[in-house]
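Okay, structure first, notes after.
The values are calculated or read from the model by the stated rules, or taken from the named source; none is laboratory data. What you see is a predicted model, and the numbers here were worked out from it, not measured in a lab. Virtual Cβ from ideal backbone geometry, glycine too; neighbours counted across all protein chains shown.
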Amino acid sequence: MLLELLHNKTSQAIQDYSKYTAFDPEEPASYKFRGDCYRMLEQYAEAIQDYDAAIERDPEYALAHYNRGLTYEKLGQNEQAANDYNVYLKLRGTEDENADKIRQQIRELGYTSEF
């Protein structure tokens, strides 16, 4: 019951964010948030497509890079995940309280943190 409710709410959120992207197609946040919804529903191809759209509109949108990395990791595309995590660290720098955790994620994927 709870999972069904969550699925319905997430599906509704996708519809809402789709309206936002139609209203203002250059706003990156709508794509990022819709990508988050798709990722929650394990619709990874759609999530990556939306993260790509967000990054295309704002290449310095750190959270879009990080969440695309999470999605690539779910798909077993570890090199792409590590690349996105490194871009996130480059953009956020030392101001991110989770930087050490993200560096550890990169190492666990078999790659080296560049930042």
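For segment 67-81, state whether one or more residues are more than 21 Å from Ser11 (Cα to Cα), of a type in the set (Phe, Trp, Tyr) and touching a residue at least 24 places away in the same chain (Cβ under 8 Å). Checked segment 67-81: at least one residue is more than 21 Å from Ser11 (Cα to Cα), of a type in the set (Phe, Trp, Tyr) and touching a residue at least 24 places away in the same chain (Cβ under 8 Å). In segment 34-51, the residues that are within 12 Å of Lys74 (Cβ to Cβ) reach residues that are not in a helix (DSSP H, G or I) with C-beta atoms within less than 8 angstrom, at least six apart or across chains, in these pairs: Tyr44/Leu75. Checking Ser18, Ser30 one by one, the residue that is touching a helix residue (DSSP H, G or I) at 6+ places or on another chain (Cβ under 9 Å), part of a helix (DSSP H, G or I), at pLDDT 95 or above and of a type in the set (Gly, Ala, Ser) is Ser30 and no other. All conditions but one from (1) closer than 21 Å to Arg92 by Cβ; (2) crowded, with 21+ Cβ neighbours inside 10 Å; (3) charged (D, E, K, R) apply to Arg34; the one that does not is (1). What about Arg39, is it among the charged types (D, E, K, R), out of contact with any Asp or Glu (no Cβ under 8 Å at 6 or more places or on another chain) and either modelled with pLDDT of 95 or more or not in a helix (DSSP H, G or I) (or both)? Yes; evaluated as a whole, the condition is true for this residue.
Taking the listed residues Lys19, Lys90, the one that is without any contact (Cβ under 8 Å) to a residue 12 or more places away in the chain and surrounded by fewer than 17 Cβ atoms within 10 Å (Cβ to Cβ) is Lys19, with no other qualifying.
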